[in-house]
Amino acid sequence: MSGFASTQDLADKRVSFDELGPGLYAYTAEGDPNSGVIVGPDGVVVIDAQATPALAREVQKRIATVTDKPVTQIVLSHYHAVRVLGASGYPAHAIICSDVTRDLIVERGQQDMDSEIGRFPRLFRGREGIPGLTWPTHTFHERMTLWLGEREARLIHIGRAHTAGDTIVWMPREKVLFAGDTVEFGAAPYCGDAHFTDWPDTIRKLRELGAEKMVPGRGRALLSKAEVANALQGTEAFVTRLFALVRDAAAKGAPLDAIYAEAIDKLRPDFGHWVIFEHCMPFNVSRAYDEASGHDRPRIWTAERDIEMWKALEGKKS
């Protein structure tokens, strides 16, 4: 392998803006990071800000087709740069995330920003407009409710999965779930900062909500209970099969490059057609190997560590 698969992914994606219910929308782009939109009586809530202010403006162009209200609040589902660095492109006066997500920004936000921009340049179009890290104005512990007139939006730190700080937005009356990257559809979950052991229990909690429509972290809007169930099952199958394979191979003393090759071989038939599969797998296997080896807390990804990982997966010595 000569470099990250994502550095060769340069084609623009077709954007969709789908209505999930009155005032509820999904901004999706063929497997690129999604944003959710809730139109309230006094302003708009955006769930996940996109990667740059330039991309944030694209979201607002779609919002302007359905309302003239400004974006007043942003909810961050987690800390990854591709989700949060566009926040300055909105007029929002509130940026909200879980307390754990803010702690992760403090601990590793800058390293994550530098690493992600290097890995996936297309997703950071207009990156010269990023003023720096995105800092929340409000944090919450476990749960918080936004009242948008009579409409209730529950912010829930649902559990460890894609990251330790994963937050969902649940609309109980409408049965609509904005899932962040706890769930993907037709896209390989990125697990470089994941908690594999906890992720299935987080999926269980999501099932118990009984969502009838969903905006996953990546993939198109899901508009029926059957589609929601399919996405939950697919995400769970991917992370559980991957971790079981890596855990068993690591227990036998297999080296990381051999485990990676086996994981690609065994998962490709069922998941290889999912977008960003090739990009995610090196990070996924590396994190699964660490967790299987007793490292509960994900190591921080840096540009230097990215390169070291590629050498290890190629069986090279640093």
- Given the conditions (1) at pLDDT below 95; (2) in contact with a Cys (Cβ under 9 Å, 6 or more places away or on another chain), which single one is not true for Thr139? (1)
- Task: For segment 16-28, enumerate the residues that are open to solvent by 10 Å² or more (accessible area, probe 1.4 Å) and either more than 18 Å from Val75 (Cα to Cα) or of a type in the set (S, T, N, Q) (or both).
- Result: Ser16, Phe17, Asp18, Glu19, Gly21, Pro22
- Query: Across segment 201-218, what is the number of residues that are open to solvent by 10 Å² or more (accessible area, probe 1.4 Å) and more than 24 Å from Pro22 (Cα to Cα)?
  - Reply: 3
- Message: Residues that are within 20 Å of Thr202 (Cβ to Cβ) and without any contact (Cβ under 8 Å) to a residue 60 or more places away in the chain, at least 1 per element: which helices (runs of 4 or more DSSP H) completely within segment 217-318 meet that?
- Response: 225-251, 277-292
- Message: Checking Ala11 against (1) over 17 Å from Glu184 (Cβ atoms); (2) open to solvent by 10 Å² or more (accessible area, probe 1.4 Å); (3) at pLDDT 95 or above, only one condition comes out false. Which one?
- Response: (3)
- Query: Going by the conditions given, is Ala221 crowded, with 22+ Cβ neighbours inside 10 Å, small (Gly, Ala, Ser) and in contact with a helix residue (DSSP H, G or I) (Cβ under 7 Å, 6 or more places away or on another chain)?
  - Reply: no
- Item | Count of segment 257-291 residues which are open to solvent by less than 30 Å² (accessible area, probe 1.4 Å), more than 18 Å from Arg218 (Cα to Cα) and of a type outside the set (Lys, Arg) | 11
- Note on the structure: Here the residues within segment 85-113 that are at pLDDT below 95 and surrounded by fewer than 17 Cβ atoms within 10 Å (Cβ to Cβ) are His93
- Message: Could you list, ordered by first residue, the pairs with Cβ atoms under 8 Å in which the first is in segment 175-186 and among the polar types (S, T, N, Q) and the second is assigned to a strand (DSSP E or B), at least 6 apart or interchain?
- Response: Thr182/Ile168
- Item | Hits in segment 148-169 - residues which are of a type outside the set (A, V, I, L, M, F, W, C) and over 25 Å from Arg299 (Cα atoms) | Gly149, Glu150, Arg151, Glu152, Arg154
- Thr163 fails exactly one of (1) under 18 Å from Asp201 (Cα atoms); (2) among the polar types (S, T, N, Q); (3) without any contact (Cβ under 8 Å) to a residue 40 or more places away in the chain, namely (3)
- Out of all the residues in segment 229-244, is one or more open to solvent by less than 10 Å² (accessible area, probe 1.4 Å), hydrophobic (A, V, I, L, M, F, W, C) and touching a strand residue (DSSP E or B) at 6+ places or on another chain (Cβ under 8 Å)? yes
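The values are calculated or read from the model by the stated rules, or taken from the named source; none is laboratory data. Because the structure is predicted, anything quoted here is derived from the model rather than measured. As a convention, Cβ positions derive from the backbone with ideal geometry for all residues, glycine included, and neighbour counts pool all protein chains shown. Each accessible area value is taken on the protein alone, full model and side chains, heavy atoms only, with ligands, DNA and RNA left out. Shrake-Rupley method; radii C 1.70, N 1.55, O 1.52, S 1.80 Å.
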